[in-house]
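Have a look at the structure below before the remarks.
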Amino acid sequence: MKAAILIQPGKLEIREVRTPCPAGGVLVKVKACGICSADAKMVTQGHRALNYPRILGHEIAGVIEQSRTNTFKEGDRIQIAPGLRCSRCSYCLNRTAALPNTLQFPLRTALSEASIPFLKK
């Protein structure tokens, strides 16, 4: 599939990428992906939590295309959380989740043609 890949801040390229379904994870067929101000900022300025190269797009709705877990089955419709909380810092523990110390994003995200792999931890 083709994907928009952020090589570094200011450098976005369309490239061909593989889409394996990870053991214990799922492959999601993206039906919709929001582009928010955080995505725009990541393209122009970067983000402290990103590793490059990176496929952007973290507000995702889709359908399970392949499942290697008992939690989801093929055809399930899902919405993927835009950010993963650390569950350790005082913000997360006090449920003020908008302010976590270590906000993380899924391994691969959704500005791509077809499907994306996610691993449930």
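The values are calculated or read from the model by the stated rules, or taken from the named source; none is laboratory data. Values in this document were obtained by computation on a predicted structure and should not be read as measured data. Here the Cβ positions follow ideal geometry from the backbone for every residue, glycine too, while neighbour counts run over all protein chains shown.
Can you tell me which residue is farthest from the chain's Cα centre (by Cα) among those in the stretch 40-49 that are free of Cβ contacts under 8 Å to residues at least 24 places away in the same chain and surrounded by 12 or more Cβ atoms within 10 Å (Cβ to Cβ)?
If we take residues in the stretch 40-49 being free of Cβ contacts under 8 Å to residues at least 24 places away in the same chain and surrounded by 12 or more Cβ atoms within 10 Å (Cβ to Cβ), then Lys41 is farthest from the chain's Cα centre (by Cα).
Six or more apart or on different chains, Cβ atoms under 9 Å: show the pairs whose first residue is in the stretch 1-20 and without any contact (Cβ under 8 Å) to a residue 40 or more places away in the chain and whose second is among the charged types (D, E, K, R).
Pairs found: Ile14/Lys2; Arg15/Lys2; Glu16/Lys2.
So in the stretch 6-31, with the set limited to residues that are part of a strand (DSSP E or B) and exposed (fewer than 11 other Cβ atoms within 10 Å of the Cβ), which one is modelled with the lowest pLDDT?
Glu16
Looking only at the stretch 80-108, filter to residues that are within 17 Å of Ala38 (Cβ to Cβ) and either outside any loop (DSSP other than H, G, I, E, B) or in contact with an Asp or Glu (Cβ under 6 Å, 6 or more places away or on another chain) (or both); which one of those is modelled with the lowest pLDDT?
Out of the qualifying residues, it is Gln104.
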